[in-house]
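Only the coordinates and a few stated rules stand behind these numbers; no lab work does. Note that the structure is a prediction, hence the values are computed from the model and not measured. Heads up, the Cβs are rebuilt from the backbone with ideal geometry, glycines too, and the neighbour counts pull from every protein chain shown.
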Ligand SMILES: Nc1ncnc2c1ncn2[C@@H]1O[C@H](COP(=O)(O)OP(=O)(O)OP(=O)(O)O)[C@@H](O)[C@H]1O
Ligand SMILES: [Mg+2]
């Protein structure tokens, strides 16, 4: 394995076996992501962006091939070990936020520290909130926020522990154009300051252009774009 690769995917196959039909969402996908890089994943709705990110996160099983993250093969771990691995190494922004409804914004942002039994970095979290223009929402609950605010809280939560790999699924899907650009620039800053590796999915080619490399997903295949 290339020493500088943080993610190495080989011949990945993901099949959804539904009640009505069987769908091959990813077919022999191979790619490498360099440590410290900023990668965009583009493709139309239903092309498999979330599927690929969820496979990399170890959140869904796959049918064939391998995914190695930081020299650790996902399929060589059991469910519990994968959860532990996620906690330590990954920052995940799901397409549908997944904030905990019973917790305030502040407490949602502390989850990554608490899960890892680590000291809470309140100062950095404050800074993220400021950069994401989330003033005065810290003590609110998710249902008291707009969709775009919830999305930005989910981004702050994913970044709060400065994880080595950030997987962001359409992190700008609910934002206006200007806020979308702001969010991607923040991800890029995190990447540059803390040497984080970022992979984000988007429909928006303009946003994808912030990336060092762009991959296109189409017909179950992933190819470098341009
Ligand atoms: N749990 C599931 N069961 C069956 N099929 C699924 C499941 N999840 C996704 N699919 C199908 O797999 C394909 C890829 O879906 P995926 O969610 O990865 O696309 P996407 O690129 O993220 O789309 P979007 O841009 O709309 O978020 C789609 O055809 C979808 O219908
Ligand atoms: Mg998706």
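Can you quote the Å³ per residue value for the convex hull of the Cα atoms in region 13-104, rounded to an integer?
Values: hull volume 14.7 nm³, N = 92.
Spread over its residues, the Cα hull of region 13-104 gives 160 Å³ apiece.
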With springs only between Cα atoms under 10 Å, which of 189, 209, 119 fluctuates most in a Gaussian network model of the chain?
119
How far is it, in nm, from the label point at residue 23 to the one at residue 138 when both lie 7 Å from their Cα along the line to the Cβ?
4.2
Degrees between helix 79-89 axis and first principal axis of the chain (Cα, 0 to 90, nearest 10):
60
Roughly how tilted is helix 177-194, in degrees to the nearest 10 and between 0 and 90, from the longest Cα axis of the chain?
80
For region 1-71 and region 182-226, compute the distance between their C-alpha centroids and round to whole Å.
15
Would you calculate a helix-derived [θ] at 222 nm for the chain, using -39,500 (n - 2.57) for each DSSP H run of n ≥ 4 and dividing by the full residue count, to the nearest 500?
-10000 deg cm²/dmol
With the contact rule set at Cα under 8 Å and sequence spacing of 6 or more, what percent relative contact order holds for the chain?
29
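Can you give the FRET efficiency to the nearest 0.05 for residue 63 and residue 206, using r as the Cβ-Cβ distance and R₀ = 25 Å? Mind dumping the intermediate values first?
Values: r = 34 Å, r/R0 = 1.37.
Efficiency at R0 = 25 Å is approximately 0.15.
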What percent antiparallel are the DSSP beta bridges of the chain, to the nearest 5?
55
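Rounded to the nearest 0.05, what FRET efficiency do residue 189 and residue 219 give with R0 = 25 Å and r taken as the Cβ-Cβ distance? Could you check? Intermediate results must be reported in sequence, preceding the final value.
Numbers: r = 35 Å, r/R0 = 1.38.
Approximately 0.15, to the nearest 0.05.
For region 73-128, take the alpha-carbon Rg, divide it by the Kirkwood Rh, and send me Rg/Rh. Walk me through the numbers before you get to the answer.
On the way: Rg = 13.1 Å, Rh = 12.9 Å.
A ratio of 1.01.
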Roughly what angle does helix 147-159 make with the longest principal axis of the chain, taking Cα atoms, 0 to 90 degrees, to the nearest 10?
80
With springs only between Cα atoms under 10 Å, which of 61, 163, 112 fluctuates most in a Gaussian network model of the chain?
61
Kirkwood hydrodynamic radius over Cα pairs of the chain, then Stokes diffusion coefficient at 37 °C and 0.692 mPa s, in µm²/s
184
Contact order relative to length of region 1-124, as percent, for alpha carbon pairs under 8 angstrom and 6 or more apart:
23
For the pair residue 103 and residue 126, the simple spin-label estimate (label points 7 Å beyond Cα toward Cβ) gives in nm 2.1
Return the single residue from 131, 94, 178 with maximal mean-square fluctuation; model: Gaussian network over the chain, springs between Cα atoms under 10 Å.
178
Modelling each spin label as a point 7 Å along the Cα-to-Cβ direction, I'd like the residue 71/residue 16 distance in nm, to one decimal.
3.7
